[in-house]
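The structure appears right after this line, and notes come after that.
The values are calculated or read from the model by the stated rules, or taken from the named source; none is laboratory data. Just so we're clear, the structure is a prediction, and the values are computed from it rather than from any experiment. All Cβ positions, even for glycine, are placed from backbone atoms using ideal geometry, and neighbour counts span all protein chains on display. We work out accessible area using only protein heavy atoms, side chains counted, and drop any ligands, DNA or RNA first. Shrake-Rupley method; radii C 1.70, N 1.55, O 1.52, S 1.80 Å.
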Amino acid sequence: MIVARTIDELNAARRDLIGEIGFVPTMGALHVGHLSLIERAKKENGFVVVSVYVNPAQFGADEDFERYPRREETDIALCRAAKVDLLFMPKNVYGKDEPTISAPPIGASILEGEIRPGHFDGVLTVIMKMLHLIKPKRVYFGKKDAQQLWLIAKMVSAFFMEIEVVACETARESNGLALSSRNAYLSEGEKNDALKLSQSLFEASKLIKKNEIKSSAIIEAIAKTLAPLTIDYVSIVDREFKPIKTIKKGETIILIAARAGATRLIDNMWI
Ligand code: AMP
């Protein structure tokens, strides 16, 4: 495995990868969720490139950029064990006064975009840079960050980029908690509270199986389960992120965001 720390090193190593490339962009502190994306990329491509870059542009001024977990050595070891071909770990990918990508208002003004102004502009800009650098055939994203996945697929399509955006299932702990680098912030008590996110989604799924299709009833049930946490939103949308009043199989995503102590957590379920 080659570890490239500068853009020159990346370009040099990239030139030697002749064949289909699967790319997994991450912010590091790698966990089983990231590894499941890498594993899938490994199966579907000749080469796998992973990036580890805590992207300053996607953090708000009052967010956790400084304390976001950084575990460089462990990340390198995990990528090596996963047989990654090229690991890109740049210090910085930005210049001065550069053009940036703006998320469309329809995506930037709702849910994560509403609560984290500018967040998706930062995400789209860094992913655009990474896709141009890595030039992959396929890029892998987790369904856990559903709104991000949706906006990236929209960007790739809008800019006629010949890259397949692959949506990967959410990896969970055996107790249901969706894996996230931010789980490292949680105390034992908060971890227990955080379980309510996945619990509320599993309960919602049971209600839907019993033919409850009214979004309002499902949202109410979820909010009840989430009560020990501070809820940012519970929302039921279609695949284009428009709120829907009734749940339709194959067309619905239930999204939740809540805080356990100071830690913001998101989870969702695709119906
Ligand atoms: P991050 O390092 O948090 O920016 O995540 C990098 C990629 O891993 C994104 O595409 C995430 O959606 C994905 N990811 C994060 N957590 C999980 C998980 N629990 N299961 C599957 N994919 C995940």
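Only one of these is of a type outside the set (Lys, Arg) and free of Cβ contacts under 8 Å to residues at least 12 places away in the same chain: Asn211, Asn175. Name it.
Asn211
Results for (1) within 17 Å of the chain's Cα centre (by Cα); (2) open to solvent by less than 20 Å² (accessible area, probe 1.4 Å); (3) not assigned by TED's automatic domain parsing to the domain that holds Asp16, shown as yes or no for each residue.
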site	(1), (2), (3)
Gly46	no, no, no
Val50	yes, yes, no
Asp62	no, no, no
Ala77	no, no, no
Ala82	no, no, no
Tyr94	no, no, no
Met128	yes, no, no
Leu133	no, no, no
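Consider Ile38 carefully, then state whether it is more than 13 Å from the ligand (Cβ to nearest atom), surrounded by 17 or more Cβ atoms within 10 Å (Cβ to Cβ) and not acidic (Asp, Glu). So that I can check it myself, show each step before the final result.
Details: more than 13 Å from the ligand (Cβ to nearest atom): no; surrounded by 17 or more Cβ atoms within 10 Å (Cβ to Cβ): yes; not acidic (Asp, Glu): yes.
In short, no.
Report yes if His119 is under 30 Å from Ala13 (Cα atoms) and not assigned by TED's automatic domain parsing to the domain that holds Val237, otherwise no.
Considered against the rule, which asks whether it is under 30 Å from Ala13 (Cα atoms) and not assigned by TED's automatic domain parsing to the domain that holds Val237, His119 comes out as no.
Results for (1) among the hydroxyl-bearing types (Ser, Thr, Tyr); (2) buried (at least 16 other Cβ atoms within 10 Å of the Cβ), shown as yes or no for each residue.
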{"site": "Ala178", "(1), (2)": "no, yes"}
{"site": "Asn183", "(1), (2)": "no, yes"}
{"site": "Leu186", "(1), (2)": "no, yes"}
{"site": "Gly189", "(1), (2)": "no, no"}
{"site": "Asn192", "(1), (2)": "no, no"}
{"site": "Ser205", "(1), (2)": "yes, no"}
{"site": "Glu220", "(1), (2)": "no, no"}
{"site": "Ala227", "(1), (2)": "no, no"}
{"site": "Asp232", "(1), (2)": "no, yes"}
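Quick grid of which residues meet (1) more than 13 Å from the ligand (Cβ to nearest atom); (2) over 29 Å from Ala223 (Cα atoms):
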site	(1), (2)
Ser102	yes, yes
Gly113	yes, no
Gly118	yes, no
Phe159	yes, yes
Glu162	yes, yes
Thr170	no, no
Ser181	no, no
Leu186	yes, no
Asn192	yes, no
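Is it fair to say Lys154 is open to solvent by 60 Å² or more (accessible area, probe 1.4 Å) and either at pLDDT 95 or above or in contact with a helix residue (DSSP H, G or I) (Cβ under 9 Å, 6 or more places away or on another chain) (or both)? I'd like the intermediate steps shown before the answer.
Values: open to solvent by 60 Å² or more (accessible area, probe 1.4 Å): yes; either at pLDDT 95 or above or in contact with a helix residue (DSSP H, G or I) (Cβ under 9 Å, 6 or more places away or on another chain) (or both): yes.
Answer is yes for this residue.
Of the residues making up region 130-165, those that are acidic (Asp, Glu) and either part of a loop (DSSP other than H, G, I, E, B) or over 19 Å from Leu111 (Cβ atoms) (or both) number 2. Within region 88-116, residues that are farther than 26 Å from Arg264 by Cα have Cβ atoms under 7 Å from residues that are part of a loop (DSSP other than H, G, I, E, B) and open to solvent by less than 40 Å² (accessible area, probe 1.4 Å) in these pairs: Pro90/Tyr53; Val93/Tyr53, counting only partners at least 6 apart in sequence or on another chain.
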